[in-house]
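Only one structure is covered here, and it is reproduced in the block below.
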Amino acid sequence: MHELDPKFICYAAGPDSAKRIEVPVQHALGAPAERSYLKKLRSLLGQHAVEVEELYAKHDGFDLYVQSPEHVGLVWLPISEWESATHRFREELADWGRSLDDAYDFEREGVVFGEPAFSGNHLFLYKGAVYYSDHDGGDDTPLAHSFNELLERIVTDPAQFLYDLGCYARYTDGQTETQWIPERYVSRDRRT
């Protein structure tokens, strides 16, 4: 099945929160990962690679809930960017007033694979679970105990998932400066 007419029903940030608009969104899906990158994925994730590899064999990175390049809900990096993103995160810990010594295990040993767009926060894969490194605080509680559990959370309620990550997903009406926050995801299914 494929989605038809995917959109968020959004409410206005701030004092006009009673207002609602529909925001059409789409997904920008990467091409299937090359064999060399799937091999890299397996070497980075070890025994926990199977669930992740299944998706990345179809799409090597993607942007979800895209209204425009400036209005994206969630970014999953191509495998080729995982190591550099992880390295960059560890170098930038000092900017957050932290050191690698006091980082959580998943931040020291895990692999960055995505982020809520424009948030500065990171999604990590570590020992089969998914973690969220939030520069506004956070802890070492898994966001999901498996990659498939993460996918299930996203699919079950995309608007709530984006809100739970810190409400960074904001959309535009194209006419005002109002920021629109996803409240509910709506689409129709069509069989192909």
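The values are calculated or read from the model by the stated rules, or taken from the named source; none is laboratory data. What you are looking at is a predicted structure, and each value in this text was computed from that prediction instead of being measured. No Cβ is skipped: glycine too gets one built from the backbone with ideal geometry, and neighbour counts run over all protein chains shown. Protein only, heavy atoms only, side chains kept; ligands, DNA and RNA dropped before computing areas. Shrake-Rupley method; radii C 1.70, N 1.55, O 1.52, S 1.80 Å.
In a simple Cβ point-charge model (Lys, Arg +1; Asp, Glu -1; nothing else charged), segment 60-162 has a dipole of about 160 debye relative to its Cα centre. Annotation: average projected area of segment 130-192 is 6.5 square nanometres, based on the convex hull of Cα atoms across all directions. The residues neighbouring residue 178, those whose beta-carbon lies less than 10 Å from its own, together hold a net charge of -1 under the Lys/Arg +1, Asp/Glu -1 convention.
In order along segment 39-47, the phi-based Karplus estimate (6.51 cos²θ - 1.76 cosθ + 1.60, θ = phi - 60°) of 3J(HN,Hα) comes to 5, 4, 4, 5, 5, 6, 9, x, 5 Hz; Gly and Pro are listed as x.
If I model a spin label at residue 163 and residue 39 as a point 7 Å from the Cα along the Cα→Cβ vector, what separation in nanometres do I get? Reported label-point gap for residue 163 and residue 39 is 4.6 nm.
Once both axes come from the Cα atoms, what is the angle between helix 79-92 and the longest principal axis of the chain, in degrees from 0 to 90, rounded to 10? Tilt relative to the chain: about 80 degrees.
Here residue 29 and residue 9 are evaluated by their C-beta separation; at R0 = 22 Å the FRET efficiency comes out at 0.40.
Count Lys and Arg as plus one, Asp and Glu as minus one, and take only other residues whose Cβ is under 12 Å from that of residue 36; the net charge is then +2.
Rounded to the nearest 20, the Cβ-based charge dipole of the chain about its Cα centre (Lys and Arg +1, Asp and Glu -1) stands at 700 debye.
Distance between the modelled labels on residue 153 and residue 183, one decimal in nanometres: 2.4 nm (7 Å Cα→Cβ projection).
Nearest 500 deg cm²/dmol is fine: what mean residue ellipticity at 222 nm does the chain get from its DSSP H runs of n ≥ 4 alone, each adding -39,500 (n - 2.57), divided by its residue count?
-8000 deg cm²/dmol
May I ask which residue of 49, 99, 110 lies farthest towards the positive end of the charge dipole of the chain, with charges of +1 (Lys, Arg) and -1 (Asp, Glu) on Cβ and the Cα centre as origin? So the residue furthest toward the plus end is 49. On the basis of the beta-carbon distance and an R0 of 35 Å, residue 81 and residue 145 show a calculated FRET efficiency of 0.90. One way to sum up the overall shape of the chain is the equivalent ellipsoid from its Cα gyration tensor, whose semi-axes run 29, 22, 14 Å, largest first.
With protein chains left intact and a 1.4 Å probe, residues in segment 39-192 average 53 Å² of accessible area per residue. The local environment of residue 86, defined by Cβ-Cβ distances under 13 Å, has a net charge of -3 under the rule Lys, Arg +1 and Asp, Glu -1.
Spatially, segment 59-82 and segment 116-192 are offset by 12 Å when compared through their Cα centroids. Selection among 168, 148, 87 by position relative to the dipole of the chain gives 148 as farthest towards the positive end (Cβ unit charges, Cα centre). Counting only DSSP beta bridges whose two residues both lie in the chain, roughly 100 percent are antiparallel.
Here's the list of lysines a cross-link from residue 7 could span, going by alpha-carbon distance under 23 Å and ignoring same-chain residues fewer than 8 apart: 19.
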